[in-house]
1. Report whether or not THR238 is modelled with pLDDT of 95 or more, open to solvent by 40 Å² or more (accessible area, probe 1.4 Å) and farther than 30 Å from GLU81 by Cβ.
2. Is at least one residue of the range 107-118 modelled with pLDDT of 90 or more, assigned to a loop (DSSP other than H, G, I, E, B) and assigned by the TED database to the domain that holds GLU299?
3. Restricted to the range 91-121, and to residues that are surrounded by 12 or more Cβ atoms within 10 Å (Cβ to Cβ) and among the small types (Gly, Ala, Ser), which residue is farthest from VAL279 (Cα to Cα)?
4. Please determine whether any residue of the range 276-285 is farther than 26 Å from ALA78 by Cβ, surrounded by 17 or more Cβ atoms within 10 Å (Cβ to Cβ) and under 19 Å from the mean Cα position of the chain (by Cα).
5. Quickly run through the range 125-180 and pick out the residues that are touching a helix residue (DSSP H, G or I) at 6+ places or on another chain (Cβ under 8 Å), without any contact (Cβ under 8 Å) to a residue 40 or more places away in the chain and part of a strand (DSSP E or B).
6. If ARG247 satisfies every condition in (1) open to solvent by less than 40 Å² (accessible area, probe 1.4 Å); (2) over 19 Å from the mean Cα position of the chain (by Cα) but one, which is the exception?
7. Select from the range 209-254 the residues that are out of contact with any helix residue (DSSP H, G or I) (no Cβ under 9 Å at 6 or more places or on another chain) and without any contact (Cβ under 8 Å) to a residue 12 or more places away in the chain and list them in ascending order.
8. Quick check on this structure: which one of ALA144, ALA149 is modelled with pLDDT of 95 or more and out of contact with any His (no Cβ under 8 Å at 6 or more places or on another chain)?
Amino acid sequence: MKIRSPSMSELHAFVTVARVGSFTRAAEELCVTQAAVSRAINRLESHFGQVLLRRSAHLLTITPAGCAFLEAIRGPVAAIEEASATLMSGSDNKRLTLSVVPTLAGVWLLPRLPIFSQRHPGIEIIFAPYRRDEDFAGPQPDAAILTGAAGEWPARWDCDYVIGREMVPVAHPARLSRRRAAGQWTTPAELMNEQLLYHTSTPTRWQLWLREAGVLEATPKLASGFDHVSILIQAVKTDMGVAVLQRCLIQEELASGQLVIPFNLPISLPRGYFLCAPVQRRNHPALVVFRQWLLETAEADRTLLMQNTMTTA
C-alpha cells in the first residue's frame with residue numbers, strides 16, 4: 001500500500017506553528033532551529049501540493065486547507081505523542097499530572113487527597129501550575145480541574161462536573177442577628193439593601209442567585225469586588241458585607257460559626273468546577289482511577305450539602 005501521509009516531524013512542525021503562530025516560537029518548543037521548522041512546512045506543502053500557511057513579514061495565517069487539515073490531525077498527533085511518551089516510560093501509567101484552580105485545591109481537594117493515596121498507593125499525583133486559559137497543547141498536564149459551565153468546553157475534551165454549582169449567601173453572624181432583631185431579612189430581596197461583595201470574575205452571580213431565589217427583577221447594586229475567593233471570604237468574616245459563595249469552599253467557616261447563611265435555599269448556578277482532559281488521554285490509567293474517585297467523592301459531598309440545606313432551611 002502506498003503511504004500518503006507525511007512524516008511525524010512535518011506534522012509536529014505544522015501543528016506547533018499553527019498553535020503558537022510563529023516559526024521562531026515553534027522552533028523553541030520543538031528544540032530545533034527555525035530553518036528546520038521552515039523546511040518541514042515546505043516539505044509538507046510540497047507533499048500535498050497546497051499552501052497550508054501564508055507567511056508575510058509580520059503575519060502568519062492558516063489557509064482554509066490548512067485549517068481543515070489541522071482540525072483532522074491535531075487530536076491524532078497528540079494521541080501518538082501521548083502513547084509514545086507512555087511507552088517510553090512505563091511508570092507514567094501510574095503518574096498523573098494535574099492542574100487545579102488554586103482555591104479549590106487548597107480548600108477542598110488537598111484535604112481529601114490522603115484518602116485517595118490510601119486507596120491507591122501506587123498512583124502518584126503531580127501538581128502542574130494552574131493556567132486559567134489551559135488548552136492542553138503541551139505534554140502536561142494530563143488533566144485539569146477548571147471553572148466553567150456545561151457546554152463551554154471544546155468538543156475535543158472530556159469534561160465531568162465535579163462540584164461548585166451550589167451557591168449560598170453568607171454573612172457575619174452579628175449582621176444576621178442585627179437584621180433579624182430589627183425584623184429584617186425576611187425575604188431574599190432585602191439582601192439588595194446590603195453591601196454586596198463579589199468576585200471580580202463572576203460579577204453576575206448576585207443577580208443570578210437572587211433570580212433563582214424568586215427576585216425575578218433583581219438589579220443588585222454591587223459594592224466591593226475581590227479577585228481572590230480567600231480575600232472575599234475574609235471580607236465577609238470582617239463584616240464588610242454579604243457575598244454569594246460556593247458552599248463547598250466555606251464548609252469550615254460555616255461549621256465553626258464564623259459565617260452564617262441567612263437564606264439556606266437549594267440553589268445551583270451553571271458555573272462550577274469540571275475535571276477536563278483531552279479525549280486522547282481519556283484512557284490514561286492513573287486518570288481513569290482518579291476520575292472515578294473524584295466524582296464519587298464529590299457526589300457524596302454534594303449529597304451531604306443538600307441534606308444540610310434541607311434540615312436548616
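The values are calculated or read from the model by the stated rules, or taken from the named source; none is laboratory data. Please read all numbers here as calculations on a predicted model, not as lab measurements. Neighbour counts run over all protein chains shown; Cβ positions are idealised from the backbone, glycine included. Ligands, DNA and RNA are stripped out before the accessible areas are found, and what is left, the full protein with its side chains, is counted by its heavy atoms. Shrake-Rupley method; radii C 1.70, N 1.55, O 1.52, S 1.80 Å.
1. Against the criterion (modelled with pLDDT of 95 or more, open to solvent by 40 Å² or more (accessible area, probe 1.4 Å) and farther than 30 Å from GLU81 by Cβ), THR238 qualifies.
2. Within the range 107-118, the subset modelled with pLDDT of 90 or more is 107-118.
Imposing the further condition that a residue be assigned to a loop (DSSP other than H, G, I, E, B) reduces the set to none.
Scanning the range 107-118 turns up no residue that is modelled with pLDDT of 90 or more, assigned to a loop (DSSP other than H, G, I, E, B) and assigned by the TED database to the domain that holds GLU299.
3. The selected residue is GLY106.
4. Going residue by residue through the range 276-285, those that are farther than 26 Å from ALA78 by Cβ are none.
No: zero hits.
5. PHE127, the sole residue that qualifies.
6. Tallying (1) open to solvent by less than 40 Å² (accessible area, probe 1.4 Å); (2) over 19 Å from the mean Cα position of the chain (by Cα), ARG247 fails exactly one: (2).
7. Within the range 209-254, ARG211, ILE231, GLN234 meet the criteria.
8. Values: ALA149 fails: modelled with pLDDT of 95 or more.
Testing whether each residue is modelled with pLDDT of 95 or more and out of contact with any His (no Cβ under 8 Å at 6 or more places or on another chain) leaves just ALA144.
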